[in-house]
Every structure is written in structure tokens, then in C-alpha cells.
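Novice: Provided herewith is a single structure, encoded as C-alpha cells, for subsequent inquiry.
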Amino acid sequence: MEQFHHPRPVCLGRGSSVRPTEARRRLTERLSGSVLEVGAGDGVKFTCYPDTVREITVAETDPFLLETVLMACKNGPIPVRTVAGDLTRIPAPNGAYDAVVCSLVLCSTPDLEQSLAALRRVLKPGGELRLYEHVRSANVLAAAAERFVAPLWSQMRGGCHPGRDTLTAIEKAGFVVDHVSRFSFHGVNHVLGVARTPN
């Protein structure tokens, strides 16, 4: 599985001689203020956040993942707190966060439209949605294959739907896509980039 689901120890904290991967660096670089992290994996990625971030909130429903996140962040330089609730019901006020970081969760949420609406609600005007996500292939034959294997793939991969047109859904939810990079990882199409809420 991808590093964001089961992160390898590529970023071990400030002062480490091990450098973060390019994808992790790009996902978290130049963030500041209050950040909501969904799809946190085991929490290793939190050590990659810049010191301009004052607080990280973790939204995670899986008890095992939540415990590993808390262990990974216990002695970190940035305060980390957790909130209950799934991606469609984030217990936070409107405009609570400067940024939301999503790592391979929009492909697996049962209700993508409702989840994106919830993320937009908790972001400040002009806030950033940082995303690393599976997306539908631009190749017609590959996209058809993704639809064909989707039921089995979803069962084996925690509800993941690799053929979702996530970028279109993000735009329909009212976000403005700033920039994205497309690439293939283990034969699955991904995007890494930034979308924003309107000012």
C-alpha cells in the first residue's frame, strides 16, 4: 500500500538525517495555522509539518489508527488533538481550519459529495485542501478496467474506489483547483495537489 496508508520511516522528525519523500514534502510544505488531517495513517507524516503550523487536529474513526497516531505524535513539537466523527460529520465550527490535508480518504469515503461539503464547511475562506488521492484514469480502457474491478478492489482495499473522478467532484463541491500533479503508483492513478475555498 502507499506510504500514506502505511508510511515508511522516511521522515523521522526535525534533526533526522533521513529526508522526507518528495510527495510528503509537497503535501505539507508552507502550511501554517490550524490544520485538519484526515487519512493520517500511523502519524509519521506529522513530523514533516513546518513549524508554522500551530495545531493539528486528527479526524479518525479507526481506533487502532487513532492510537498509533497519538503514540507517534506524543512528543512532537506541534500540538495534536483528535476529534471523533467520520468525514461527513466533522465536529468543528464553520471556518475552523486554515488547511485540510487528505491522504487517500476521498477514494474510500462512502459519500464523496457530503464529505467534500463537510471539508469545505470547516475551511476558512481561501483555505487550502491539500490532497493525495486515487483518481480515475484518463485512458478510456484503463478507466473501464477500474470500473470492472471496483467491487473486488473496494472489498480488499478498505472501501477504496480507484475509478472515482475525484477532481471533478472537488470542483463541483465549490473548490477551486489550484494545481495538481498526476502520476501512476503501482498501476493506480493518483493526484497530488492543492484546491482552495473561494475568498
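Novice: Under the condition of being in contact with a helix residue (DSSP H, G or I) (Cβ under 9 Å, 6 or more places away or on another chain) and part of a helix (DSSP H, G or I), which residue from the stretch 69-100 is most open to solvent (accessible area, probe 1.4 Å)?
Specialist: 72
Novice: Next question, about the same structure. Going by what's in this entry, would residue 66 be described as over 23 Å from residue 180 (Cα atoms) and part of a helix (DSSP H, G or I)?
Specialist: Spelling it out, residue 66 is indeed over 23 Å from residue 180 (Cα atoms) and part of a helix (DSSP H, G or I).
Novice: Might you check whether a residue that is at pLDDT 70 or above, hydroxyl-bearing (Ser, Thr, Tyr) and over 19 Å from residue 194 (Cβ atoms) occurs anywhere in the stretch 68-78?
Specialist: Yes.
Novice: Name the residues in the stretch 166-199 that are in a strand (DSSP E or B) and open to solvent by 20 Å² or more (accessible area, probe 1.4 Å), would you? Give the derivation first.
Specialist: Taking the stretch 166-199 as the starting set, the residues that turn out to be in a strand (DSSP E or B) are 176-185, 188-196.
Those that are in a strand (DSSP E or B) and open to solvent by 20 Å² or more (accessible area, probe 1.4 Å): 176, 177, 178, 179, 180, 181, 182, 183, 184, 185, 189, 196.
Novice: On the given criteria, is residue 115 crowded, with 20+ Cβ neighbours inside 10 Å, at pLDDT 80 or above and closer than 20 Å to residue 23 by Cβ?
Specialist: Criteria not met by residue 115.
Novice: Given (1) loosely packed, with under 13 Cβ neighbours inside 10 Å; (2) closer than 30 Å to residue 136 by Cα; (3) modelled with pLDDT under 80, identify the lone condition not met by residue 10.
Specialist: So residue 10 meets the others, but not (1).
Novice: Now for a different question. Considering each residue of the stretch 13-58, count those that are at positive phi and modelled with pLDDT of 50 or more, and give that number. Spell out the reasoning first.
Specialist: Filtering the stretch 13-58 down to residues at positive phi leaves 13, 15, 30, 33, 39, 41, 43.
After this cut, where a residue has to be modelled with pLDDT of 50 or more as well, the list is 30, 33, 39, 41, 43.
Residues that pass the stated criteria total 5.
The values are calculated or read from the model by the stated rules, or taken from the named source; none is laboratory data. Owing to the predicted nature of the structure, the values given are computational and were not obtained by experimental measurement. Virtual Cβ from ideal backbone geometry, glycine too; neighbours counted across all protein chains shown. Accessible surface areas use protein heavy atoms only, side chains included; no ligands, DNA or RNA. Shrake-Rupley method; radii C 1.70, N 1.55, O 1.52, S 1.80 Å.
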